[in-house]
Amino acid sequence: MVDLRFDSEPEKSSLGMRVDPGRGDAMAVQGSGGSSKTGRGNVGGADVGVDVGEKMLKIGVGTGATLGTEMEVGQAEMGFELLSQGKWTKGRDSKCCFGEIHLKVYEKHRTSDSSSATHNVPIQPRSLSYVNNAPPPSFLSQGDLIMVLEWIWWRPKKLERLLKEQGITITPYNLVMGDLKEIFKHFSEARSKPMNLSHDIIPRVSPFDLQTIQKYGKKSAFWFGTTPRLYIMDPDLIRDILSRKFDHFALVKGNPLLRFFLGGLVTYEGEKWAKHRRIINPAFHMEKLKHMLSAFYTSSNDMVSKWEKLITLEGSCELDVWPELQNLTGDAISRAAFGSSYEKGKRVFKLQDEQAELFIQSFRTAFIPGFSLLPTKRNKRMKKNHKEISAILMDIINKRQKTMKGGEANNNDLLGLLLKSNQKEIQENKNKKNVGMTMEDVIEECKLFYFAGQETTSGLLVWTMIVLSMHPEWQMRAREEVLQIIGKNKPNFDGLSHLKIVTMILYEVLRLYPPLLNIARCTYKNIKLGEISLPPGIELLLPIVLVHHDHEIWGEDAEKFKPERFAEGISKATKNQVSFFPFSWGPKICIGQNFAMVEAKMALAMILQRFAFELSPSYAHAPTTVITLYPQYGAQIILHKL
C-alpha cells in the first residue's frame, strides 16, 4: 500500500516538498549518522543543501529561500507534503488496497469545516475517478497524478514482470529510490575503513553489486531509482552490446548537470558521434602522438627532478605520490593539448577537477525532478565554472585560429590537430548541411581532453606504483628492462614501444584496477540480446571490475598480480573474449587509449631510471571511486635514489 500525501502548513520557506517513506522499505538515503535538520536558510551552509543522517536524507531551504525539499523516514512508504505560508488543513482522504494506489491529499483551508471525499486510483485502467465528482486540488491535475503513478509504480512493475518472466531475478522494488539507499549504505560502510593489502578490491569498490550477484546470481538485476539495471557479465553479450555503433543500445541519460561538467565525443550518439569521431581520429594517430612525446617528457622530467631535490642525505624520502601524479598528468595534457597556452590550460584543469567533485555530489539529488534547475550553491558554482572554462577555451581557440590563418601556428598539439581536421572536414563537405564542429563543439571536446587525459593516466600511474611496491620482484624486472633498452637516456618513441615487461605490468594493473568500474547502456526499443528479449527502458550494466576479477574467466588466481598473463598480448590472455575492456571496446573504444599508454610508459620509465620505491608504513590500502578509481587516503611511498 502506498500513501501519497500533500499537505501545506506554515513553514519558514515559502514552498517545500517532503517525501516520507516509512513502514516497509524506506526510501531515504542512509547516511553517516545522526539526525538531519534544515538550518537557517540552508542545509550544511548551502543556499539549498543536502544533509544525510542515519535515518534520513534532507534537502532543504530555510528562511528567505523559495523552495525546500526534505526527505525523511515516516509512516508511509512514500508521501509528498507541500509546505507553504498560510494555513492548510486536511481536505481529501482516500484509502484503497489490494493492488490499488493509496492517495491522500490536503486542500487549502477555505472554511472552518474540512470537507472530505474519497477517490480510488486503480492500477488498471490508468485513469482517476472521483467520488461525489470532487476534482483534484488546484495544484495537482489528473494528468499529473497519472504521470506520477506511471513513473513510480506502473512502469517499474511492468518492466519487473517482463524480466521475471525470462528467468531474471531482480531485487524487490522500493518506490522512487529503488536500491539507491542500499547502494549508498554499502558504499559508505566500505569506505569507512581501509582494506587488507591485497588486490581483492571488489568488496570495497562494488559492495552492493558483489552482494547482489552472490545472492541472485549473474543473471540478475537491481533498481537504479525507478529503472531496472540488468547485469551483463557474459563476454559474448558484452561483445554484442559494445560492437554495435548506435542502432540498438543507447547511452544512459542521467544527471542533467552533466552538461556543465562533460560533453564531447563520449556523450554523443548517432551521426553526431560519427562526425566527431571522424574529425578527432587524426589527432590520436600514433604518428601524431610522437610529436607529443616532448610534452610528456617535459612534465615527467619536472616531476622526477622535484623528487630528487626532496631526497635526504640518507638517500630517501617519503612522499604522497597521488597528488604528484595528478599534477603530472594535468600538466602533460595541458602541454599536449594547447602547446604554448598550457598555463591557461592548467586553469581549465583545476576547474574541471572541481566540476567532477560537484557533479558526483549532485547524484544524491539527481532523482528529484527539477532539482538541477534550482539556484543552489552547488548548481550556481557549476554554472559559474562552466562559463569560466568556456571563456578560457574560447580565447585559446580564437587566438589559435588567428595564428593558423597567418601561417604561424604549430599544429602538432591536440588543439591544432583538431582544428586542422575540422577545417578539412568543412572544406570537403561545404555544400552539405551541419558539417564540421561548431565553436561550442570544439570547446566540449577540449574539456573532454582534460578530464579523460588527466584522470585515466594519473590513476593508472598511481596504482602501478602501489602495485610495484607490493611486488618488488616485478619492479626490479621492469627497471632492468628500462635500463637495458633505454639506459639513462631520454626515452624516445621507439624505446618505449619495445618495453614488453612494462606493457604487461600496465595491462595487469588495468585489469585489477580499471579506471572506470562500469559501463552502462539502455534499450530504447524491443531487442533480442542472446536469449533475452528486452523491452525499451531497461538499463544494462557492464561491470568492468567484476568481469576483470571473474574466476570463471581468469581462473582461481584472478585476484593475483600476474603480468605474465599478457606475455603474448591481450587476445591470447582473454582467449579472444571481451573480458578485458578498461578503455571500453568496439567502435566506441576510448580514442585516447594510446595517448594514455604512451604517457604512462614515459613517466614510469623515468621514475624507474632514477628511483626504487616501496610502500610507507603509513600507507592505507583503500581503493575507492568518485568517477574513476583512486586511493582514498593517498599513496604514501618511500623513494630511494638510485
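Details
- Any chance residue 478 is under 24 Å from residue 294 (Cα atoms) and modelled with pLDDT under 95: no
- Residues of the stretch 617-642 classified as over 15 Å from residue 315 (Cα atoms) and either modelled with pLDDT of 95 or more or not polar (S, T, N, Q) (or both), total: 18
Per-residue answers, yes or no, for (1) among the hydrophobic types (A, V, I, L, M, F, W, C); (2) assigned by TED's automatic domain parsing to the domain that holds residue 615; (3) surrounded by 18 or more Cβ atoms within 10 Å (Cβ to Cβ); (4) modelled with pLDDT under 95:
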| residue | (1), (2), (3), (4) |
| --- | --- |
| 194 | no, no, no, no |
| 226 | no, no, yes, yes |
| 247 | no, no, no, yes |
| 267 | no, yes, no, yes |
| 272 | no, yes, no, yes |
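Table: residues versus (1) surrounded by 15 or more Cβ atoms within 10 Å (Cβ to Cβ); (2) in contact (Cβ under 8 Å) with a residue 24 or more places away in the chain; (3) under 30 Å from residue 201 (Cβ atoms); (4) of a type in the set (Val, Ile, Thr).
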| residue | (1), (2), (3), (4) |
| --- | --- |
| 398 | no, no, no, no |
| 414 | yes, yes, no, no |
| 426 | no, no, no, yes |
| 448 | yes, yes, yes, no |
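- Residue within the stretch 510-525 that is aromatic (Phe, Trp, Tyr) and part of a helix (DSSP H, G or I) present: no
- Among (1) touching a residue at least 40 places away in the same chain (Cβ under 8 Å); (2) surrounded by 21 or more Cβ atoms within 10 Å (Cβ to Cβ), the one test that residue 544 misses: (1)
- If you filter the stretch 428-446 down to residues that are assigned to a loop (DSSP other than H, G, I, E, B) and among the β-branched types (Val, Ile, Thr), you find that the one that is surrounded by the most Cβ atoms within 10 Å (Cβ to Cβ) is 435.
- Some residue of the stretch 206-213 being touching a residue at least 12 places away in the same chain (Cβ under 8 Å), crowded, with 22+ Cβ neighbours inside 10 Å, small (Gly, Ala, Ser) and assigned to a loop (DSSP other than H, G, I, E, B): yes
- Residue 533 being in a helix (DSSP H, G or I) and of a type in the set (Ser, Thr, Tyr): no
- Checking every residue in the stretch 232-250 against the condition of being touching a residue at least 60 places away in the same chain (Cβ under 8 Å) and assigned to a strand (DSSP E or B) gives at least one match.
- Exactly one residue out of 540, 506 is part of a helix (DSSP H, G or I) and either in contact with a helix residue (DSSP H, G or I) (Cβ under 7 Å, 6 or more places away or on another chain) or modelled with pLDDT under 95 (or both), and it is 506.
- The single condition among (1) touching a His at 6+ places or on another chain (Cβ under 7 Å); (2) farther than 23 Å from residue 558 by Cα that residue 195 does not meet is (2).
- Any hit, the stretch 318-335, residues being of a type outside the set (Phe, Trp, Tyr), under 14 Å from residue 607 (Cβ atoms) and outside any helix (DSSP H, G or I): yes
- If you go through the stretch 173-200 and keep only what is closer than 25 Å to residue 615 by Cα, in a loop (DSSP other than H, G, I, E, B) and either among the basic types (Lys, Arg) or under 18 Å from the mean Cα position of the chain (by Cα) (or both), you end up with just 193.
- Residue within the stretch 330-345 that is surrounded by fewer than 21 Cβ atoms within 10 Å (Cβ to Cβ) and modelled with pLDDT of 80 or more present: no
- Pair list, Cβ under 7 Å, 6 or more apart: the stretch 555-570 residue in contact (Cβ under 8 Å) with a residue 40 or more places away in the chain, other residue loosely packed, with under 14 Cβ neighbours inside 10 Å: 559/198; 559/200
- Set 584, 579: member being hydroxyl-bearing (Ser, Thr, Tyr) and either surrounded by fewer than 21 Cβ atoms within 10 Å (Cβ to Cβ) or at pLDDT below 95 (or both): 584
- Failed item in (1) touching a strand residue (DSSP E or B) at 6+ places or on another chain (Cβ under 9 Å); (2) surrounded by 20 or more Cβ atoms within 10 Å (Cβ to Cβ); (3) more than 24 Å from residue 481 (Cβ to Cβ); (4) not aliphatic (A, V, I, L, M), with residue 536 passing the rest: (2)
- Qualifying residue in the stretch 453-464 (condition: modelled with pLDDT under 95 and among the charged types (D, E, K, R)): yes
The values are calculated or read from the model by the stated rules, or taken from the named source; none is laboratory data. It should be emphasised that the depicted structure is a prediction, and the values quoted were computed from it without experimental measurement. Ideal geometry is used to build each Cβ from the backbone, glycine not excepted, and the neighbour counts take in all protein chains shown.
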